Structure formats: structure tokens, C-alpha cells
Amino acid sequence: MTVLDSGELRTLSRLISAAENQDPSVMEKLAGLFPKIGAARVIGITGPPGAGKSSLTSGLVKLLRQQKKKVAVVAVDPVSPFTGGALLGDRIRLVDHFNDPEVFIRSLSTRGKLGGLSLATRQVVHLLDAFGFDYILIETVGVGQSEVDIRKIADVTAVILVPEWGDAIQTLKAGLLEIGDIFVVNKSDREGADRLAMELKNMLQFARREESPVLLTIASKIETVESLLSAATGFLEKEMSVIVERRKEGLREVIVELLESQLIRQVREWAQKQAKPAANPYEFVRDFLKKKPLEKIFSS
């Protein structure tokens, strides 16, 4: 394992910024780097605000560094309505690792993506993988039935909840089952933790997923964080066929999103060059598609 030198870190940071800014040149860079991608283990960490995701992430980083692993953290934050950048980045909560040269931490914005993960997030994970990180931890904004994108980019995903969410567990059922490989009741010294854990186990049993772990953690107690890391690494070792399929699906998703972003950019550029904007946009698009139907473009 080698530590990235200052020049490599600057290059990596520039490429990540270019990905965030949707710079088309990143696609060319990643095309060249792609043969180096695939060695990193990607752990997703999701859950509602206040569940203690960042504290658990920090604990996982500490444990992985004790194993001499090189670790990157991608904290996906809400998007600023003014700058389009990450709002209230979680990097400040990982302050214990700032001076470690083998820990790289970066906040990204959701870019308005409903599932919480933009194309830029996928590209950043590929960049970190190509630059030789052993583990990439992705901490997402929140949890819900629509936020399932993490499963298409992470090899294993932990859903973090707190006892106060016990009453809302039924409304989250479908999303939780689709997102999680590991379920964690954090801040388990609070009242209601055991009840929530039991409800999660019952829910998983009903869905015939009894093998999915339900853990009780307290982020300040490293031995409980060890149980989370053990569950994650256990999944990574035993479920390789599942991981391979997820990675294939993730690459298909990248193809779709790359084509979408390029087509949207070209359509915008083309529309802005039109000398006379259409008085009736619906009629204009209808007539345009009659002349150049999309079916003919993609039929080949």
C-alpha cells in the first residue's frame, strides 16, 4: 500500500471537482483509468438525520486504519440552493482523521438527485478506486422509499436508525428492505432500542431475510462499531456473486446517466442557438419529433 503524494492528491481533488461541475473531460479521464477500477470495497451508510451516521463512519475509519487500510470517505450532503454545492458538509465531524495522510475525505452535494446520489458521486467513487483506496465509505443524506441509489453503487449498505424511529418503521418498510444489507439501531442506550431491533427482525423474517444482521451500537463504544465492521466485511467475503451483480447494474446505470447528461447538454446548446424561439413549444417539439423520431436514433 502506498500513500498518495501531494501531486497525486491535487490531481485527484481536481478530477473530483471536475466531476462535480459536470466537466465532460472527466469522462475521457475515467475511460483511461477504468482498468484500475474494481479493487476497492465500497460501504454505504444511510439513515435519517441525527442517527449518528458520521460518528459511526468515523469509528469505521479508525478501525480500518488500525488494519493499515487506505480509506476514503464520501459524505453526500444536501445541495445549497444558492451555489449548487454541498451544504453543511460532514467533513467537520471527521476531524479526528484530518491529519492522516491515508484518509481522504470529501463532501459532495446531491445535485438535486432524488435518490441522493448524483452521477458525480458514482464518478468520484470510480476515481477513488482507481487511485488505490482500499475502502470507500459513502454516507448519504437520508433514508426513504425513494432513496435506493446507494444499493447500485455500494457493495454493502448499512441502514442506521435510532430508537425514536420505532413508530415510523412501518412507513419505511419497503425502502428499508430494498436498501439495507445490515440494519443498525444506533444510540442503543436510549429507551426503545430493543423494541425497534425486534421490529426490524420481525420485518426481515416476514420478508424471508433472516440472514440480514440487526445490530445495536453506541458510536462512542468502539466494540459496538467493531460489530458493524465485522458484519460489513462478512458480507463482502460471503456475497461476492451478489456484489458482482450490483456492480454490473451500477455500470449499466452509469451508461444511462452519462448518455442522459450528454444528451441534455447537447439539446440545451442546440436550443440556445435557435434564432427564433418557438411561439408554441409543444407544437415545435411535436413536429420536430415527427421529422426525427427518437426510435430511429436508437434502433441501431
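The values are calculated or read from the model by the stated rules, or taken from the named source; none is laboratory data. Since the structure is predicted, the reported quantities are computational estimates derived from the model, not experimental observations. Neighbour counts are summed over all protein chains in view; Cβ atoms, including those assigned to glycine, are modelled from backbone coordinates with ideal geometry. Side chains are part of the model used for accessible areas, which takes the heavy atoms of the whole protein and leaves out ligands, DNA and RNA. Shrake-Rupley method; radii C 1.70, N 1.55, O 1.52, S 1.80 Å.
Strictly over 25 Å apart at the Cα level, which of Lys201/Lys238; Lys69/Lys221; Lys152/Lys221 would you flag in this model? Pairs exceeding 25 Å: Lys152/Lys221.
Straight-distance candidates among the lysines for linking to Lys291, with alpha-carbon spacing under 29 Å and chain neighbours fewer than 8 residues away dropped: Lys273, Lys276.
In a fully extended conformation the segment linking Met27 and Gln205 would gain 59.8 nm over its present Cα-Cα distance, using 0.36 nm per residue. For Asp134, the shell of other residues with beta-carbons less than 11 Å away shows a net charge of +3, using +1 for Lys and Arg and -1 for Asp and Glu.
Summing +1 for each Lys or Arg and -1 for each Asp or Glu among the other residues whose beta-carbon sits under 9 angstrom from that of Val103 gives 0. Working ranking of peptides 129-140, 54-65 by packing, defined as the average number of other Cβ atoms within 10 Å per residue, highest first, is 129-140, 54-65. Each other residue within a Cβ distance under 12 Å of Leu251 adds +1 if Lys or Arg and -1 if Asp or Glu, for a net charge of +2. The stretch between Lys68 and Leu263 holds 65.9 nm of extra length on full extension. This uses 0.36 nm per residue minus the Cα-Cα distance.
Solvent-accessible surface of the stretch 1-73, averaged per residue with a 1.4 angstrom probe and all protein chains in place: 48 square angstrom.
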